[in-house]
Amino acid sequence: MPLTFDLPFEQLQTYSGTNPRPADFDLFWEKNLQEMRAIDAQVELIPAKFQVPGVECAHLYFTGVEGARVHAKFLRPKVIASPRPAILFFHGYSNNSHDWSDRLNYVSMGYVVAALDCRGQGGLSEDRGGVHGNTLHGHIIRGLEDALLGRPEKLLFRNIFLDTAQLAQIIMEMPEVDAEQVAASGASQGGALTVACAALEPRIKRIAPVYPFLSDYKRVWMMDYAKDAYSELQEYFRRFDPQHAREDDIFEQLGYIDIQNLAPRIRAEVLWGTGLMDTVCPPSSQFAAYNKIPSRKKMAIFPDFGHEELPGLNDQIMQFVMGNEI
């Protein structure tokens, strides 16, 4: 196995993270989950223009926290004789829920499928805004000024994490879905949202995150990899705290939306895909979360690959989601 730019592999297997965890982290998320559960979701299904034989394709809308209308692509077999398994998909940073045809493989096996559009990114979900500070770009730091004033619930990824759990709840409550057989998967930001979804909705049965984003922010910054997807961290310091007078507080507030801190809540079985040459989401930032997962888990490691397609992994994920040993 080649040496990486990160920690030696033996140290990765025991690395426990650098970014701080707020003292009231669990209370924070329990409070926010209560807020989410009290919402009248006003679920709406609108037939999509894209249709193929044997499959129903629809736009699913629901009302999430802060009153935003959130969108997901929704697909199910037209004929359902008994409750079916379901899978949720989450997309990469700034992207969208991808093409309808990308999801037909699971529908062909009898799955109900939902693919979320993240607020304010490339799809149809609504971002209500309403925060202080910079909104030029960067969802990690959206709402950080409010968080530093004692309002961490204004962090945008707090809302997006809750959207994943709310979507899972909506899908699980559908009569055609077997709530005991729901899975989730995604890469990069989608991998982070997969972790968050399973942490906030513990009924999720299996998850397959691929090189997750949004983990161990301080470690990424200390490695000088606050670029590409994480570039907003360095930009925030350069523009709003150039001498790092608030560094400790900033990273503590980001701890509320750090998936390594959510990972201990996961009860799902996990297949985690990663490349050891990933300079976008460094391996140590991923292992910080993976090492904290208490449930049954396995990591599919690609030593020579970075933040890119990992050959054969989608086939492994499909077998895993179906409950087969891999």
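The values are calculated or read from the model by the stated rules, or taken from the named source; none is laboratory data. Just so we're clear, the structure is a prediction, and the values are computed from it rather than from any experiment. No Cβ is skipped: glycine too gets one built from the backbone with ideal geometry, and neighbour counts run over all protein chains shown.
Some observations on this one:
- Selection within the stretch 8-36 - under 26 Å from Ala165 (Cα atoms), free of Cβ contacts under 8 Å to residues at least 12 places away in the same chain and part of a loop (DSSP other than H, G, I, E, B): Ala23, Asp24
- Condition met for Phe62 (aromatic (Phe, Trp, Tyr) and at pLDDT 95 or above): yes
- A Cβ distance below 9 Å, combined with a sequence gap of six or more or placement on separate chains, defines the contacts here; from the stretch 87-107, residues that are touching a residue at least 12 places away in the same chain (Cβ under 8 Å) and at positive phi reach residues that are surrounded by 22 or more Cβ atoms within 10 Å (Cβ to Cβ) and basic (Lys, Arg) in the pairs His98/Lys73.
- Of all residues in the stretch 138-154, those that are assigned to a loop (DSSP other than H, G, I, E, B) and closer than 21 Å to Arg69 by Cα total 5.
- Of the helices (runs of 4 or more DSSP H) lying entirely inside the stretch 257-326, the ones with 3 or more residues being crowded, with 23+ Cβ neighbours inside 10 Å and under 16 Å from the mean Cα position of the chain (by Cα) are found at 259-262, 283-290.
- Exactly one residue out of Leu33, Leu27, Leu12 is closer than 27 Å to Pro152 by Cβ, surrounded by 15 or more Cβ atoms within 10 Å (Cβ to Cβ) and either within 23 Å of the chain's Cα centre (by Cα) or at pLDDT below 95 (or both): that is Leu33.
- Selection status of Ile39, touching a residue at least 40 places away in the same chain (Cβ under 8 Å), in contact with a Phe, Trp or Tyr (Cβ under 8 Å, 6 or more places away or on another chain), within 19 Å of Leu200 (Cα to Cα) and surrounded by 15 or more Cβ atoms within 10 Å (Cβ to Cβ): no
- Conditions (1) closer than 26 Å to Leu254 by Cα; (2) touching a helix residue (DSSP H, G or I) at 6+ places or on another chain (Cβ under 8 Å); number of the one not met by Ile87: (1)
- Scanning the stretch 74-133 for residues that are in a strand (DSSP E or B) and touching a Pro at 6+ places or on another chain (Cβ under 8 Å) gives Arg84, Val112.
- Qualifying residue in the stretch 264-271 (condition: closer than 22 Å to Thr14 by Cβ and β-branched (Val, Ile, Thr)): yes
- For the stretch 134-152, a residue qualifies if it is surrounded by fewer than 18 Cβ atoms within 10 Å (Cβ to Cβ) and either in contact with a Pro (Cβ under 7 Å, 6 or more places away or on another chain) or of a type in the set (D, E, K, R) (or both), and the qualifying residues are Glu145, Arg151.
- Condition check for Ser101: among the polar types (S, T, N, Q) and within 23 Å of Met172 (Cβ to Cβ): no
- When residues of the stretch 198-240 are limited to those that are out of contact with any His (no Cβ under 7 Å at 6 or more places or on another chain) and aromatic (Phe, Trp, Tyr), the one surrounded by the most Cβ atoms within 10 Å (Cβ to Cβ): Phe213
- Each residue in the stretch 179-229 was checked for being in contact (Cβ under 8 Å) with a residue 12 or more places away in the chain, in a loop (DSSP other than H, G, I, E, B) and at positive phi, and 4 of them qualify.
- Identity of the residue in the stretch 155-178, part of a helix (DSSP H, G or I) and β-branched (Val, Ile, Thr), that ends up nearest to Val55 (Cα to Cα): Ile171
- Ile46 vs. criteria within 16 Å of Asn159 (Cα to Cα), touching a strand residue (DSSP E or B) at 6+ places or on another chain (Cβ under 8 Å) and at pLDDT 95 or above: no
- The stretch 238-252, residues that are in contact (Cβ under 8 Å) with a residue 12 or more places away in the chain, of a type outside the set (A, V, I, L, M) and not in a loop (DSSP other than H, G, I, E, B): Arg239, Phe240, Asp248, Asp249, Phe251, Glu252
- Beta carbons closer than 6 Å, at least 6 apart along the sequence or on distinct chains, pair a first residue in the stretch 152-169 that is free of Cβ contacts under 8 Å to residues at least 60 places away in the same chain with a second that is surrounded by fewer than 23 Cβ atoms within 10 Å (Cβ to Cβ) for Lys154/Val131; Lys154/Asp146.
- The residues in the stretch 42-73 that are in a helix (DSSP H, G or I) and surrounded by fewer than 19 Cβ atoms within 10 Å (Cβ to Cβ) can be counted, and the count is 1.
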